[in-house]
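The values are calculated or read from the model by the stated rules, or taken from the named source; none is laboratory data. Treat the numbers as computed from the prediction; the structure is a model and nothing was measured. Using ideal geometry, Cβ is built from the backbone for each residue, glycine included, and neighbour counts are taken over all protein chains shown.
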Amino acid sequence: MSTKITPQLTKELRDRTGVGMMDCKKALEESGGDMDKAVELLQKRGLAKAAKKAGRIAAEGCVHAYIHGAGRIGVLLEVNCETDFAARSADFRAFVDDVAMHIAASNPAYLSKDDVPEAEVAHQREIFQAQQAQSGKKPEIVAKIVEGQINKWKSEICLLDQLFVKDDKKTIDQVRTELVAKIGENVTIRRFVRWELGEGIEKRKFDIAADVQAMLQT
């Protein structure tokens, strides 16, 4: 008996392979809902190659400068790939520009969850534990809730796990994985820095995220 192809199952396959939702759904339908067989089908079609390329050295690429809001926001970003040829491609350049714009809009604090300092995690855990202290729930339940909150908090502050500002059904890392499958080379986001005009000075709030959304809709 074949497994029902649910959106959750399709999303799970997309998370594993970085392949688009429609291709994942089609592969699951053809495999009768068998996840491993669906992955194999996508690999045979050349769509799920990202995992095999993750270990390759990516030392080419570019350092990209992005300015938004008439000079109010600036982002400097390094993205690497394997060859200069790929670095010059339209797909790679579009990805780099999109990631820089996303950083301007979403202001991530870190690149990945591994970069979050343990002291900061411990402090945030204390806050969540204090919030749950009066819930009356059992300690083991509270512990699970707090860990879930920690994971969600990390996803919100880490670039690779943030939902892409141009497509909130994908994370930045999923967009990166799709690019790897498309161009056939490993691609890594190495580092970034974001500046905002007058940062640290008390001033009128400027909603960069809303501004980017308005720009995308025009």
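Scanning segment 83-129 for residues that are part of a loop (DSSP other than H, G, I, E, B) and within 26 Å of residue 166 (Cα to Cα) returns 88, 89, 107, 108, 109, 111, 112, 116.
All of (1) at pLDDT below 85; (2) under 26 Å from residue 154 (Cβ atoms); (3) assigned to a loop (DSSP other than H, G, I, E, B) hold for residue 47 with one exception: (2).
Could you please give the count of residues in segment 130-174 that are outside any helix (DSSP H, G or I) and surrounded by 12 or more Cβ atoms within 10 Å (Cβ to Cβ)? Spell out how you get there, then give the answer.
First, pick out the residues of segment 130-174 that are outside any helix (DSSP H, G or I): 133-138, 158, 162-171.
Filter once more, so that each one left must be surrounded by 12 or more Cβ atoms within 10 Å (Cβ to Cβ): 137, 158, 162-166, 170-171.
Adding up the residues that qualify gives 9.
Is it the case that some residue within segment 179-196 is assigned to a strand (DSSP E or B), out of contact with any Phe, Trp or Tyr (no Cβ under 9 Å at 6 or more places or on another chain) and among the polar types (S, T, N, Q)? The answer is yes; a qualifying residue exists.
Do the conditions hold for residue 62, that is, is it surrounded by 14 or more Cβ atoms within 10 Å (Cβ to Cβ), modelled with pLDDT of 90 or more and touching a Gly at 6+ places or on another chain (Cβ under 9 Å)?
No; evaluated as a whole, the condition is false for this residue.
Restricting the first member to segment 128-156 and to residues that are closer than 27 Å to residue 173 by Cα, and the second to residues that are among the aliphatic types (A, V, I, L, M), the beta-carbon pairs closer than 8 Å and six or more apart or on different chains are 128/145; 128/146; 128/150; 150/121; 154/116; 154/121.
For (1) in a loop (DSSP other than H, G, I, E, B); (2) modelled with pLDDT under 90; (3) over 23 Å from residue 184 (Cβ atoms), each residue gets a yes or a no:
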| residue | (1), (2), (3) |
| --- | --- |
| 9 | no, yes, yes |
| 16 | no, yes, no |
| 19 | yes, yes, no |
| 33 | yes, yes, yes |
| 37 | no, yes, yes |
| 67 | no, no, yes |
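Scanning segment 107-119 for residues that are of a type in the set (D, E, K, R) and in contact with a helix residue (DSSP H, G or I) (Cβ under 8 Å, 6 or more places away or on another chain) turns up at least one hit. Of everything in segment 72-99 that is among the small types (Gly, Ala, Ser) and in contact (Cβ under 8 Å) with a residue 40 or more places away in the chain, the residue that is surrounded by the most Cβ atoms within 10 Å (Cβ to Cβ) is 86.
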